[in-house]
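What follows is a short report on a single structure.
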Amino acid sequence: MLQTGQIIERQDIIRCALCADAPCDAACDKLKPSGFLRSIWFANEQGAAERLPSENPCITCSAPCERYCARPMEVQIKDTINRLYYQVKPESETRVPENEDRLKCEMCGITLENPFLLSSSVVSSTYDMCARAFEEGWAGASFKTVSTLDIHEASPRFSAIHGADGSIIGFKNIEQLSDHSIAENMEIFMKLKNKYPSKFILASIMGQNEAEWGELAALCEENGADAVELNFSCPNMAEGGLGSDIGQIPELVERFSRAAKEKCHIPVLAKLTPNVASLIPAAEAAIRGGADGISAINTIKSLTAVNIHTYVTAPAVHGLSAVGGYSGNAVKPIALRFISELGKDPVLKGKHISGMGGIETWKDALEFILLGAGSVQITTAIMQYGYRIIHDLKDGLNMYLAEKGFNSIRDAIGLALDTVSSTTDVLERDTVIFPRVISERCIGCGRCAVSCGDGGHQAITMNENRRPVLNGRSCVGCHLCILVCPQNAIVPGKKRVRT
Ligand SMILES: Cc1cc2nc3c(=O)[nH]c(=O)nc-3n(C[C@H](O)[C@H](O)[C@H](O)COP(=O)(O)O)c2cc1C
């Protein structure tokens, strides 16, 4: 089984609350179940299977872990560990590599221990936070954006869209920039670099004019930053032509990139806004201005949750709210589209692309890499789950690279690009791929028939045994049934070429 072919899914342990200092761990004297469950949550079940002790302690155990669970008896911990032993372990062909050499990568000539960085935000806003993240295994951090502005944040400042399991799918923030003084932030950079010389310090800055962009870049270099990230993209700093307003105007991107680049000797990345039709004009302008690479995407302008009684959207601040930046797993498809645009642009050939937007698992990160990113950055998943996600990010990606026979991240960068077309009119349209029902998995819910009837081509009926029957003449092979089946019981089947 490949690392990509999961047997146990997040849905199987959906009631696991991913506790800190998990009670299930305290209840078990043989292993720490929470780490295994977390690996499954973050798509690294093979890594989890490998960490199992050789003897299965669950065989004779009465599963106190399940009784002491924060949601008593709601998570099948013993059964999940057994599945790791008896289903996943025997199928795992690749071992987690002994070292992390494959994960090493380069950003503009500087070696990163691995491609995983904190992105500029609250998760990278103090010395202690970055230090803890570095100790946990993150390769570096894009520090919370530094500016000369006097920042006073609103309360509350976040709102979220939740999935059925309670986890955050999409996240809106109205946060602005670092509220530390320049002097405080420079002291932090210096301290971090002295204590962690091998970690990568990316100094995110936002100036108010050319002189300021240059001064801030020079100051960050003097104080130990390895590279500078120009924040042309904060949707919450639009006042007076700052933030994402800059990213929407290529001439300003070019001018401010040049201003920063002229005053420092370290690599400069332009962080771009997704609040445009295409990233290419701004990205090429940044390169013309001397930037060495592009970071993308920042958050997407959004409104969440209109309160149906007060009529105020969220987060409501004294009866008012504002358009703010949307992030988290929900934005990943939008981010991937932009990354592929950058990856394909010949003007950007050889320039570093640092990708972000919705990454939670190593598979998400790999998708960015396959579309051209050389490093990846994360905020919302850390806000939700903590720095600890780095272990499964690294293990999962390391194992995948080994399994594929790749010696380094470099071997994977851009591999998916040739399959992406920006328009659908180039696609082959003569073959229909019919759905196939795996009868052992079908529970007869009829969701496929409902969706096919009301959102498809009326090709599925339910028989007297409550099993779907396909009418091959009506089926157009759209695969809506595959996507809505709650049991994963429908898969692509036979092909038919239209004559
Ligand atoms: C609370 C919050 C604060 C942020 N602050 C900044 C910032 O100061 N500078 C910046 O360049 N991006 C900022 N971002 C954007 C993130 O760095 C990142 O580009 C975006 O959230 C997408 O990644 P994600 O889906 O992993 O969060 C912030 C995001 C969030 C959620």
| field | Hits in segment 130-156 (condition: within 10 Å of the ligand (Cβ to nearest atom) and either modelled with pLDDT of 95 or more or under 19 Å from Asp364 (Cβ atoms) (or both)) | value | Ser142, Phe143, Lys144, Thr145, Val146
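Okay, residues lined up against (1) part of a loop (DSSP other than H, G, I, E, B); (2) outside the structural domain of Asn329 (by TED's automatic domain parsing); (3) under 16 Å from His391 (Cβ atoms):
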site	(1), (2), (3)
Arg15	yes, yes, no
Lys30	yes, yes, no
Phe36	no, yes, yes
Ala49	no, yes, yes
Glu55	yes, yes, no
Cys58	yes, yes, no
Ser62	yes, yes, no
Glu66	no, yes, no
Lys78	no, yes, no
| task | Can you give me the number of residues within segment 436-479 that are within 33 Å of the chain's Cα centre (by Cα) and within 17 Å of Arg498 (Cβ to Cβ)? | result | 3
| task | Select the strands (runs of 3 or more DSSP E) contained entirely in segment 450-499, then report the ones holding at least 2 residues which are of a type in the set (Lys, Arg) and touching a residue at least 60 places away in the same chain (Cβ under 8 Å). | result | 490-497
| request: Give the number of residues within segment 384-397 that are surrounded by fewer than 23 Cβ atoms within 10 Å (Cβ to Cβ), out of contact with any strand residue (DSSP E or B) (no Cβ under 7 Å at 6 or more places or on another chain) and in a helix (DSSP H, G or I). | output: 4
| Among the residues of segment 104-115, is any crowded, with 16+ Cβ neighbours inside 10 Å, over 21 Å from the mean Cα position of the chain (by Cα) and β-branched (Val, Ile, Thr)? | no
| request: Just give me the residues in segment 325-334 being part of a helix (DSSP H, G or I) and near the ligand (Cβ under 9 Å from one of its atoms), in sequence order. | output: Asn329, Ala330, Val331, Lys332
| said: For segment 308-317, check the following and say yes or no: at least one residue is surrounded by fewer than 15 Cβ atoms within 10 Å (Cβ to Cβ) and either within 14 Å of the ligand (Cβ to nearest atom) or basic (Lys, Arg) (or both). | reply: no
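Quick check on Ala322: is it among the hydrophobic types (A, V, I, L, M, F, W, C), more than 12 Å from the chain's Cα centre (by Cα) and more than 9 Å from the ligand (Cβ to nearest atom)?
yes
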| task | With the checklist (1) surrounded by 23 or more Cβ atoms within 10 Å (Cβ to Cβ); (2) more than 22 Å from the chain's Cα centre (by Cα); (3) not hydrophobic (A, V, I, L, M, F, W, C) in hand, flag the one item Arg288 doesn't pass. | result | (1)
| said: I'd like to check something: does segment 423-442 contain any residue that is in contact (Cβ under 8 Å) with a residue 24 or more places away in the chain, within 25 Å of Glu367 (Cα to Cα) and part of a helix (DSSP H, G or I)? | reply: no
| task | Could you look through segment 356-388, keep only residues that are more than 9 Å from the chain's Cα centre (by Cα) and β-branched (Val, Ile, Thr), and pick out the one that is nearest to the ligand (Cβ to nearest atom)? | result | Ile382
| said: Name the residue that is farthest from the ligand (Cβ to nearest atom), counting only residues in segment 178-213 that are in a loop (DSSP other than H, G, I, E, B) and under 27 Å from Gly137 (Cβ atoms). | reply: Pro197
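The values are calculated or read from the model by the stated rules, or taken from the named source; none is laboratory data. For clarity, every value in this text was computed on a predicted model and none was experimentally measured. Every residue, glycine as well, gets a Cβ built from its backbone with ideal geometry; the counts of neighbours run over all protein chains shown.
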